[in-house]
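Below: one structure, written as structure tokens.
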Amino acid sequence: IISFGFPRSGTTLIWNILKDILDEYIVIKTHLTQINFKNNKKIVIYRDIRNSLVSMMRSMVLDINTNVNISLQDFIAFENIFDNYVNHLINMMMMKNNIVYIKYETFIKDHNVLYDVIEKEFNIIIEKEKRIETSNKYSIQKVKNICNNIDILHGNSFKNYDDKTHFHSNHISNNYENSDNELYKKYLSQELIEYFNIKYGGILRYFGYNA
């Protein structure tokens, strides 16, 4: 099973849940598309990539734990890396077989969206108790606790991560706002938003976001 998503779109969270629920399967987490994924079952989580950018700049570029304002000039320095991930997302979109999409903005508020998909795709029943247990295990606070332990053991840097869950230090911002559907409006400059909507408007509209 392939757990795929654009960076900072909930891929690690979904990967952990899939591993716990489907423990008889091998689940691979990735942000990159490979041709040999074609025949695998693929669970793809998608998010407004403008919101992903806010989180990527905070964690992957600046390596801090608080969201910050981002200008067009800030983005241009990161644009080639960002575009590489966009290309992998497009390549995944072109693999039309054995693929199921999960919307981050819905899933992050209600894990039952994922549980229902797993039941349908794998013809199993996930009991209510198992759903509650799994969601509690990967609640925002529990994940924050994992991240805090990484800070204590290895230092506060996104490059450090937990070997078992793959959650990173600085994985979740101090001013946690990931459930905000329009997070980008708080942190991206208007110039950058306009640039983004022109360049990536097709992808945004494909997934149902305004551009």
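The values are calculated or read from the model by the stated rules, or taken from the named source; none is laboratory data. Because the structure is predicted, anything quoted here is derived from the model rather than measured. Because the Cβ atoms are built from the backbone with ideal geometry, glycine has one as well, and the counts that use them run over all protein chains shown. For accessibility, only protein heavy atoms count, side chains too; no ligands or nucleic acids. Shrake-Rupley method; radii C 1.70, N 1.55, O 1.52, S 1.80 Å.
Overview of results
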{"quantity": "Pair list, Cβ under 6 Å, 6 or more apart: region 185-211 residue more than 22 Å from Y101 (Cβ to Cβ), other residue open to solvent by 100 Å² or more (accessible area, probe 1.4 Å)", "calculated": "Y187/N69"}
{"quantity": "Qualifying residue in region 33-47 (condition: modelled with pLDDT under 95, touching a His at 6+ places or on another chain (Cβ under 8 Å), surrounded by 18 or more Cβ atoms within 10 Å (Cβ to Cβ) and of a type outside the set (A, V, I, L, M, F, W, C))", "calculated": "yes"}
{"quantity": "Every pair of residues 6+ apart whose Cβ atoms lie under 6 Å, when the first sits in region 151-165 and is open to solvent by 80 Å² or more (accessible area, probe 1.4 Å) and polar (S, T, N, Q) while the second is at pLDDT below 85 and not in a helix (DSSP H, G or I)", "calculated": "N156/S169"}
{"quantity": "Matching residues, region 102-117, being in a helix (DSSP H, G or I) and either of a type outside the set (V, I, T) or within 16 Å of the chain's Cα centre (by Cα) (or both)", "calculated": "Y104, E105, T106, F107, N112, V113, L114, Y115, D116"}
{"quantity": "Residues (crowded, with 18+ Cβ neighbours inside 10 Å and assigned to a loop (DSSP other than H, G, I, E, B)) located in region 88-101", "calculated": "M95"}
{"quantity": "Unique match (being aromatic (F, W, Y) and open to solvent by 20 Å² or more (accessible area, probe 1.4 Å)) among Y85, Y115, Y104", "calculated": "Y85"}
{"quantity": "Those helices (runs of 4 or more DSSP H) lying entirely in region 172-211 with at least 2 residues modelled with pLDDT of 95 or more", "calculated": "190-199, 201-206"}
{"quantity": "In region 152-163, the residues that are assigned to a loop (DSSP other than H, G, I, E, B) and in contact with a helix residue (DSSP H, G or I) (Cβ under 9 Å, 6 or more places away or on another chain)", "calculated": "N156, S157, F158, N160, D162"}
{"quantity": "Those residues of region 134-150 which are polar (S, T, N, Q) and at pLDDT 95 or above, in sequence order", "calculated": "T134, S135, N136"}
{"quantity": "Qualifying residue in region 126-133 (condition: assigned to a helix (DSSP H, G or I) and touching a His at 6+ places or on another chain (Cβ under 9 Å))", "calculated": "yes"}
{"quantity": "Region 118-141, subset of a type in the set (S, T, N, Q) and either open to solvent by less than 70 Å² (accessible area, probe 1.4 Å) or under 18 Å from the mean Cα position of the chain (by Cα) (or both), residue farthest from I21 (Cα to Cα)", "calculated": "Q141"}
{"quantity": "Filtered residues of region 52-77 (kept if surrounded by fewer than 16 Cβ atoms within 10 Å (Cβ to Cβ) and either closer than 23 Å to Y209 by Cα or in contact with a Cys (Cβ under 9 Å, 6 or more places away or on another chain) (or both))", "calculated": "V68, N69, S71, I76"}
